[in-house]
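Undergrad: The structure's right below; bear with me while I get my questions together.
Just so it is clear, none of the values below were taken in a lab; they were calculated from the coordinates. The structure presented is a predicted model; accordingly, all values stated were derived computationally and were not measured. Glycine also receives a Cβ, built like all others from the backbone with ideal geometry; neighbour counts cover every protein chain displayed.
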Amino acid sequence: MLTDTPGIHHITGIVRDAQSNVDFYAGVLGLRLVKQTVNFNEKFTRHLFYGDETGSPGTVLTFFPYPAEDDGRIGTPQIGTASLTVPPNSVSYWRDRLRTRDVTVEGPFDRFDETVLRFTDPDGTRLELVTGESDVGPWTDGPVPARHAVRGIHGVTLLSARVFVTASVLETLGFELLDQEGDRVRYRAPGDRATVVDLLDRDAEFGREGAGSIHHVAVRVPEKDQLYEWHDLFRERGYDVSRVKDRHFFHSLYVREPGGILLELATESPGLAAGVDSDPPSTSLFLPPWLEEDREMIEGQLRPLDPSPGTGTD
Ligand code: ZN
């Protein structure tokens, strides 16, 4: 039987340069580089995973660096913004930390009952830090003091081409309409982390996929068996849905909902520690068993990457 998703699993974006991505997400935002691997569909493209200590579902941001990628344009239908949770008393710490590192920060703004800082990463990916409670523990071995550390994903803001249809898909997945402020309609999943999806009901120009655009958002599904049920439900509705895929760290499927947003449904297990028996796992390139025989060729094609980030000034 299908059950409501408890919330977001991960968010995946497209960027140009792997090193500046590590320096920003690990060095400035203080997330853990949990895993460096390759795009399982394009083995000569890196795939970087950031999150809490173990990369638990609801904390994970992932990026594909394409060195020759053109700039994307943020617009419909796309995921416009990724938001991360920070403790309520950490807003001025973060505003100062970002400004000290030459990140242009807008805010703080009040939105619903939260405080929001808005900025972009080096590729133009739109990000927010949002105050709130979360069951995610801080990553304590990074450059940010534990009391201010990011506590996982807060949510995403969607720029749908058909807002009412996307809203109905969110409700099918288990999100409930929570509130509205201006043209921002808030949906929330019933879990303890990474639960917020905001829909912006406004006219926006068309987006273009490229560096700085968010490729997809994945929501959590408890069991692999449920993916097949979701697959059948989406196919009955005529949605553009993929088969169930083995992503090594999870099983998943992709669905392009009728509002144009690419969603993934991903299982919570086995998780990012799957197949790794050394710690820290992020200092070397992880390859799943089916790519291990190509390791030398793959490593020879990838640009070198220093997984220990520069942290800017402290
Ligand atoms: Zn994904």
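Undergrad: Given the range 8-301, what percent of its DSSP beta bridges are antiparallel, to the nearest 5?
TA: DSSP beta bridges in the range 8-301 are roughly 70 percent antiparallel.
Undergrad: Treat every Asp and Glu Cβ in the range 69-146 as -1 and every Lys and Arg Cβ as +1, leave all other atoms uncharged, and give the resulting dipole magnitude about the Cα centre to the nearest 20 debye.
TA: The dipole magnitude comes to about 240 debye.
Undergrad: Could you sort 135-148, 248-261, 25-38 so that the peptide with the highest average Cβ count within 10 Å comes first and the rest follow in order?
TA: Top of the packing list down: 25-38, 248-261, 135-148.
Undergrad: Expressed as a whole percent, how much of the Cα-Cα distance distribution for the range 8-301 exceeds 26 Å?
TA: I get 41 percent for the Cα pairs in the range 8-301 exceeding 26 Å.
Undergrad: In addition: Which net charge results when you count Lys and Arg as +1 and Asp and Glu as -1 among the other residues whose beta-carbon is under 10 Å from that of TYR187?
TA: Once positives and negatives cancel, what remains is -2.
Undergrad: Taking the Cα centre of the range 8-301 as origin and charging only Cβ (+1 Lys, Arg; -1 Asp, Glu), how large is the dipole, in debye to the nearest 20?
TA: Using Cβ point charges on Lys, Arg, Asp and Glu, the range 8-301 gives about 300 debye.
Undergrad: I want to check the label-to-label distance for MET1 and ARG295. Put each point 7 Å from Cα in the C-beta direction and report it in nm to one decimal.
TA: Here the answer is 4.6 nm between the modelled labels.
Undergrad: Something else now. List the aspartates and glutamates whose Cα sits under 14 Å from the Cα of LYS35, skipping any in the same chain fewer than 8 residues away.
TA: Straight-line reach from LYS35, under 14 Å: ASP52, GLU53, ASP277, ASP279, ASP306.
Undergrad: Mean residue ellipticity at 222 nm from the helices of the chain, using -39,500 (n - 2.57) per DSSP H segment of n ≥ 4 over the full residue count, to the nearest 500 deg cm²/dmol?
TA: -4000 deg cm²/dmol
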